Structure formats: C-alpha cells, structure tokens
Amino acid sequence: TAETFRKEKTIDLRKKHIGPSCKVFFSHDPIKIVRAKGQYMYDENGERYLDCINNVAHVGHSHPMVVKAGAEQMELLNTNSRFLHDNLVQYAQRLQATLPEKLSVCYFVNSGSEANDLALRLAWEYTGHEDVITLDNAYHGHVSSLINISPYKFHQLANAEQSKSVHVAQSPDLYRGSYRQDHPDPATAYADDVNNLIQKAHEKGHKVQNIFFFNILAEKLQQCVCVRVLPYHCTVPLPHRHVHQAGGLFIADEVQVGFGRVGTHFWAFQLQGEDFVPDIVTMGKPIGNGHPMSCVVTTREVAEAFKNSGMEYFNTFGGNPVSCAIGLAVLDVIEKEDLQGNALRVGGYLTRLLEQQKEKHPLVGDIRGRGLFVGAELVRDRVKLTPATAEAQDIIYKLKEQHILLSADGPHRNVLKFKPPMCFSEEDADMVVEKIDLILTDIEKALGLQMPSTVHTENGSRKRNVSLAQFIQALQWGKKVFSQPPIVQVLSLKKMREACNFHHRYT
Ligand code: PMP
C-alpha cells in the first residue's frame, strides 16, 4: 500500500501541522489519493476517480516518458544554472520554437507566482514606472506583489485597500458584464474602458506600464470559462495598442492554459491572431507535468534593460538539469501523442455534449471555453442570471460520490470547470456528462424547475418549433436564424425580449 497512515490520522496530522488557510478539495469529506495514471487517480482503497481538475498533469499523471527523463537526469546530475549544461539551452531553444521569434529570451523559475513576480520586475525595469492594469477577477499568484494585482484575491479581504498603482479593468464579459451581446461593438467599449483607466492614471500623475491578461482566456481562458468573454481576436489587440501607446508592456499569463490546451494553438495568446505578440509571457503549471518549474519569456530588448539595472539574477533551482529534462520530455509527449489535437477534438466533443445539456436543463445557462478548458455556468434563472451556486456545489459532491473529480469556479462559484489532463477521451466526456445529466434531472425535479415549452415561430410561410433555449441563445448572440422577425406564439416576442434584457436586431 502507498499509505503511511490511516486516512483519519492523515487528517488529524494535517490539522495539527499544516496551515489552516491551506484548503483541501471536498473539505466535508476529503479524498486521499495515493497514485495516479493518465486521467485517472486512485484512492487508498484502490478506487478509481476520473480527473477533470488537474490541468497540471498535462500529458497525463505519472507519464512514463516524463518520469524516466527526470529519474535518469537525477541519477546523473542536478545542480544550479551557474554551470553550463546542455539541457538548459536545449530546452530554451525548444520552447522558443513554439513562440513568435521576438520572444527569444528565457528565465527559468519554479512556480507561476515566481514567474509573474519576475515579469513585473522586468516590466518595471524596462518602463521605469510601476502602474499595472489588471483584469477584474484575475489571479496571478500568491506572493505579495501579485496579490496586489489579483482582484480574485484582494476582494476576499474585508478591509482590502487597492494599491494606487493598480487599475482594475472590467472583464470583457458578454454574459454578465457592462457591455453584452446586444451592444453594437463591445470589443471597442471594453478597450475604451482600458483607455479610460490609462487616461485617469495619467491625470493622477501615474504612468501605466503593464497589462496583465490572465492569458486571454485564463483570466480570459480562466475568465472565459468563469465568465463569458468576447471572441478572442476582439479582446486584446485594442487594449494592447492603448497600453503600448501609454509606454506600457503587455504580459500574457499563460500559467493555466498554455502548452496546447486551447487546441487550435499552442499558446492561448495566439487566439488573438498572428499579429498579436505580448512583450512577456509567463508559464507554469503544465510545463513540468507536476514537477515544480516555470518560465518567463521576453524580448531581447526587455532582457537587456533588466541586465542594465546592474543586478544579477540568480535562482537556485530555476533551470536545473532535472527540471529541463522533464520540460523537454513534456514537449516530446505533447508532440508524439498529438495532445494539442486531442484537446481540440475531445474539447469540441465535450462542448457539444454540454450544449445538449443546455437544451435539456434550465439550470445550464451558458457553455464556453476552448479546447480542453471548458466551463458550464449554472443559473437558477436564465433571464435574471441568478447564480446557481449551491446547485453547483451539490453537483460537485454528487459527482465525487460517483468517482468523478470536478470543480466549480468563477466569481459566483457557479461554473463547472473542466480542465482535465490532455489525454482525456470522448468516452470520459460521455461518462461525466451522462452523470451530470442524471444529477441535474434530480436537482431540477426537487426544485420544480422545468424547461419552458418549445417556441412556435412563423416566418412568412415557414413554420418551425425551436426550443426556448435555442431561441434565447439566438437572440443573445444575434444569430440570424430568421430572415424576418419571427412571430412567436407561445411567448410574445416583446416579453421574451424583455426577458432577455436585449434590444435585438429584429426591433
Ligand atoms: N497565474 C495563473 C493564471 C494561475 O492560475 C496561477 C495558479 N493558479 C498562478 C499564476 C500562480 O501559480 P503558482 O500557484 O504556481 O504560483
């Protein structure tokens, strides 16, 4: 057995010796995992769980190629990067090959927080000023400099005071934000918001130096999953221009969603289009498949400015030969097993299955994401968008009883968040969605929630029945499903429009 103590004893010791602010998953009834393989985890009794939580185990838990690479290098040598070693330069070269040419200089560190903290230092040194624009709800790390720029964290403190040099931009949220699907040009409206922040900062005598996007999805993939954001190519280039014009740099935090997870691209910032190149990219979590390592990549110009500050940068563990061997093996497996392709295929399949659930279950308000980073937002009321927070928790716990590990996130903790290892299969997707379907049916029955009947529409001589969910979605997204205004018989169009809170194109 892989257990040293019985589970109760582990819990007691944890309570005694581990900081009480360190939380466990499923705190009412935590699970003890003793081994894992691929997308499955096993508890102390050998019970198997399907893992939809661990994006860190990117190429699958305990992948033999990664384990072998780490073990072999550990047997040979591990030391700091003040000695020459081929693993370091080879890994930097391999990472660079996945990025735009201009991003060519790497700093290896040990966690996402360290990477983002160093990114801030690079930007401060390059631009000479300290102001930062961050997105609402963003999380960038646990060290003091990052808690300051992470609304997700500083909002948790009752007496939190936002630092004067931190400017919080609205998330470009099309579902609950200030500018929604009905807005004629939400991309410009949200970009203007960033520009206004910059102007206000200038008026106050501040200069704006950075903008952090939780990687276009991660507080844009993360955010995309937690809140519905604008299409990727609309969101960043404009604010990016505003920030550059103000003499700032753009930092893309890829800690959650890099390394092929979005399916179509290797990096989430690439969703913004070929022309968009951030000034600094930070990486973490999946980079070492669970081995603690991370990286900051930037341009030669920014790196030279950092060097000219005169201070040496040394990091005891960053870029050691073992970490680099592991990093290289992770890149090899992504390529060899076509995991980016798998994220695209299985992610698409999972999204379609969840979309079907939305047709069927009133509690499912919105499905979004890219590749194998998918969110399902639960609402008690599709019109008022009342978050179904307790229901989301209920689902998470019931799934756990059925040996599926899933988490709920977002500002209201009502978004079921799927970010499994990238070897997740269509069968796994079928299994988890089937179970969610049954649980939702039970919860909705208990709550007396029903899907409204289908909407009968007439468009000239064409008559069709569409589900209300389809109809509302069509309105919300401005899809042209009817060439003329449909006549709705079950609910009046006016009523439905009010319900949707939209002035839509048929008015
Ligand atoms: N950035 C993002 C986007 C993250 O999700 C996280 C961790 N959740 C971090 C930074 C911090 O990384 P770490 O926990 O490795 O310090």
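The values are calculated or read from the model by the stated rules, or taken from the named source; none is laboratory data. Keep in mind the model is a prediction, meaning the values are calculated, not measured. As a convention, Cβ positions derive from the backbone with ideal geometry for all residues, glycine included, and neighbour counts pool all protein chains shown.
The residues of segment 239-295 that are acidic (Asp, Glu) and either in contact with a helix residue (DSSP H, G or I) (Cβ under 8 Å, 6 or more places away or on another chain) or crowded, with 24+ Cβ neighbours inside 10 Å (or both), listed by number, are 253, 254, 275, 279.
Looking only at segment 369-383, which residues are within 30 Å of residue 339 (Cβ to Cβ) and either assigned to a strand (DSSP E or B) or in contact with a His (Cβ under 7 Å, 6 or more places away or on another chain) (or both)? Answer for segment 369-383, where residues must be within 30 Å of residue 339 (Cβ to Cβ) and either assigned to a strand (DSSP E or B) or in contact with a His (Cβ under 7 Å, 6 or more places away or on another chain) (or both): 369, 370, 373, 374, 375, 376, 377, 378.
Checking each residue in segment 107-148 for being of a type in the set (Phe, Trp, Tyr) and modelled with pLDDT of 95 or more picks out 107, 108.
Restricting the search to strands (runs of 3 or more DSSP E) fully inside segment 247-346 and requiring at least 1 residues that are more than 16 Å from the ligand (Cβ to nearest atom) gives 249-253, 294-298.
Considering only residues in segment 339-366 that are modelled with pLDDT under 95 and either within 19 Å of the chain's Cα centre (by Cα) or among the small types (Gly, Ala, Ser) (or both), the one that is surrounded by the fewest Cβ atoms within 10 Å (Cβ to Cβ) turns out to be 366. Scanning segment 88-146 for residues that are of a type in the set (D, E, K, R), outside any strand (DSSP E or B) and away from the ligand (no atom under 16 Å from the Cβ) returns 94, 101, 102, 125, 130.
Please tell me if residue 456 is over 23 Å from residue 386 (Cα atoms) and modelled with pLDDT of 95 or more. Answer is no for this residue. Go through the residues of segment 405-421 one by one and say whether even a single one is outside any helix (DSSP H, G or I), more than 16 Å from the chain's Cα centre (by Cα) and under 30 Å from residue 151 (Cα atoms). There is at least one residue in segment 405-421 that is outside any helix (DSSP H, G or I), more than 16 Å from the chain's Cα centre (by Cα) and under 30 Å from residue 151 (Cα atoms). Looking at segment 74-85, can you tell me whether even one residue there is modelled with pLDDT of 95 or more and within 16 Å of the ligand (Cβ to nearest atom)? Within segment 74-85 (the criterion being modelled with pLDDT of 95 or more and within 16 Å of the ligand (Cβ to nearest atom)), the answer is no, since none of the residues qualifies. Of 440, 468, 475, all but one fail to be crowded, with 17+ Cβ neighbours inside 10 Å and modelled with pLDDT of 95 or more; the exception is 440.
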